[in-house]
Amino acid sequence: MIEEIFINLVTSVIENIISIGSGIEKITGWVALASVIVIGAIVVLLVSRYAKRRPSGKALKKKLKGLERIVILTHANPDPDAMASAIGIAHIAESIGVSSTIQYPGEIRHQENRAFKTVLGSKMEKIESDEDLAGGAIFLVDHNIARGFKGAEKLIPYAVIDHHEGEGRGVGFTDIRSDYGSCSAIVAEYFSDLGAVAGKIPHPRKNQVNLPNNIATGLLFGILTDTKNFTKGASKNDFAASAYLYQGIDEDSLDRIANPEVDAEVLDIIASSILKREARGPFVISNVGEISNVDALSQAADDLLGLEGTTAVVVYAQRGAVTYIKGRSRDDRVHMGDTLQAALAEIPEASAGGKPQAGAGQINANTKKQNREYCKELPELLFTAMSGEVQ
Ligand SMILES: [Mn+2]
């Protein structure tokens, strides 16, 4: 738009100069044209820069000031990145007198995530349906379309702050930076934009935003987990945000979050998955047996994949009449989601799916006895599916 106006202007000036007769007037005309081009180029540059600029913490603060209360919603089964982002936004809101509630659908699973919530002492409420939502403008963090609870599809968020690609937008504020490895890095930048120094609590001034130790620690841990300790998808912004946060973290809480005490059952499940493993070449499967903590199965699968010479693993266990199946692969020939789908295709009560590196399946048998029968068939089905593509 601005480029068009500029080009039209230059063209009309050139036409005028050409139509002028005398030499001096022509020179003045060309000088005027040159100035128009230079000034125009500067304007175009500034405008396009401004248009590309991302919303800053200051813009967020301005929007927040117009609100009375907000609800910060994480995705289902929130991970540290989602929780830290929510805690960060809640703190910014509270600092300027806007009350906030953090809510999440699903469960806070995995001992690391539970430790995160406990150590940082953050209050988060679980919701089952849109009726449970606390009143206020809705902020989605670490996702851009609400999912995972009844009535989610009806929800219109006020704000969306995320690092995933997607169509979801907020009616009041949208900040999607898909080149970032974590949402926590975006939130850390908001603090920095607002002049907060990590870990330094200055004399309180009205509307001043500070960044306390626990929030700096949480945000750093959010970046670390979402980038697998900077080995996956970390951008220079994640590094910059980490450097900014690091000066204000509490090393003791970081250690407690990163290395939480592990439930004895989780260790038992990991141990029996190793003991009961069955290998065919680089493929390993393991039937752990009856368990109550289904989460531990993913950890067992992760750990088994670390065994020397192993490139794909499937771990499964039963709870009542249900069999839970988790697969992991670092073998380019084994797409784990497809493998589990193929293995379970003939079982009517089963469903499965996933990505190349990780898949999951479930058999909802009608009785325990039927479940046991299916489990007997599983090893053959799984090994056949895993070696399906490998000749
Ligand atoms: Mn994330």
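The values are calculated or read from the model by the stated rules, or taken from the named source; none is laboratory data. Treat the numbers as computed from the prediction; the structure is a model and nothing was measured. Cβ: placed from backbone, ideal geometry, glycine included. Neighbour counts: every protein chain shown.
Within the range 169-181, if we keep just the residues that are buried (at least 17 other Cβ atoms within 10 Å of the Cβ) and within 16 Å of the ligand (Cβ to nearest atom), the residue that is nearest to the chain's Cα centre (by Cα) turns out to be Gly181.
Residues that are free of Cβ contacts under 8 Å to residues at least 12 places away in the same chain and farther than 17 Å from Ile325 by Cβ are absent from the range 282-305 altogether. Return a yes/no flag: does the range 220-228 have any residue that is away from the ligand (no atom under 15 Å from the Cβ) and in the same structural domain as Ser122 (by TED's automatic domain parsing). For the range 220-228, residues away from the ligand (no atom under 15 Å from the Cβ) and in the same structural domain as Ser122 (by TED's automatic domain parsing): absent. Can you go through Gly309, Gly320 and tell me which one is touching a Pro at 6+ places or on another chain (Cβ under 7 Å) and surrounded by fewer than 19 Cβ atoms within 10 Å (Cβ to Cβ)? Only one candidate qualifies: Gly309. Here is a check on your reading of the model: is Gly166 surrounded by fewer than 17 Cβ atoms within 10 Å (Cβ to Cβ), farther than 23 Å from Asn229 by Cβ and within 16 Å of the ligand (Cβ to nearest atom)? Criteria met by Gly166. For the range 70-82, the count of residues that are in the same structural domain as Ile176 (by TED's automatic domain parsing), of a type in the set (A, V, I, L, M), assigned to a helix (DSSP H, G or I) and at pLDDT 95 or above is nonzero.
The residue pairs whose first member lies in the range 189-213 and is without any contact (Cβ under 8 Å) to a residue 40 or more places away in the chain, whose second member is crowded, with 20+ Cβ neighbours inside 10 Å and polar (S, T, N, Q), and whose beta carbons are closer than 8 Å, counting only pairs six or more residues apart or on different chains, are Ala196/Asn210; Ile201/Asn210; Pro202/Asn210. Being of a type outside the set (Lys, Arg) and either within 16 Å of the ligand (Cβ to nearest atom) or surrounded by fewer than 16 Cβ atoms within 10 Å (Cβ to Cβ) (or both) is a description that applies to His110.
Between Ser242, Ser184, the distinction of being within 24 Å of the chain's Cα centre (by Cα), within 21 Å of Gly88 (Cβ to Cβ) and without any contact (Cβ under 8 Å) to a residue 60 or more places away in the chain belongs to Ser242 only. Restricting attention to the range 231-268 and to residues that are modelled with pLDDT of 95 or more and either among the aromatic types (Phe, Trp, Tyr) or not assigned by TED's automatic domain parsing to the domain that holds Asp81 (or both), the residue that is surrounded by the most Cβ atoms within 10 Å (Cβ to Cβ) turns out to be Tyr244.
Remark: Ile176 falls outside the filter, which requires a residue to be in contact with a Pro (Cβ under 9 Å, 6 or more places away or on another chain) and either free of Cβ contacts under 8 Å to residues at least 60 places away in the same chain or not assigned by TED's automatic domain parsing to the domain that holds Ala234 (or both). Of Ala84, Ala115, all but one fail to be within 16 Å of the ligand (Cβ to nearest atom) and closer than 27 Å to Lys228 by Cβ; the exception is Ala84. Taking interchain pairs and intrachain pairs at least six residues apart, which have beta carbon atoms under 6 angstrom, with the first residue in the range 312-338 and at positive phi and the second hydroxyl-bearing (Ser, Thr, Tyr) and part of a loop (DSSP other than H, G, I, E, B)? So the pair list comes out empty.
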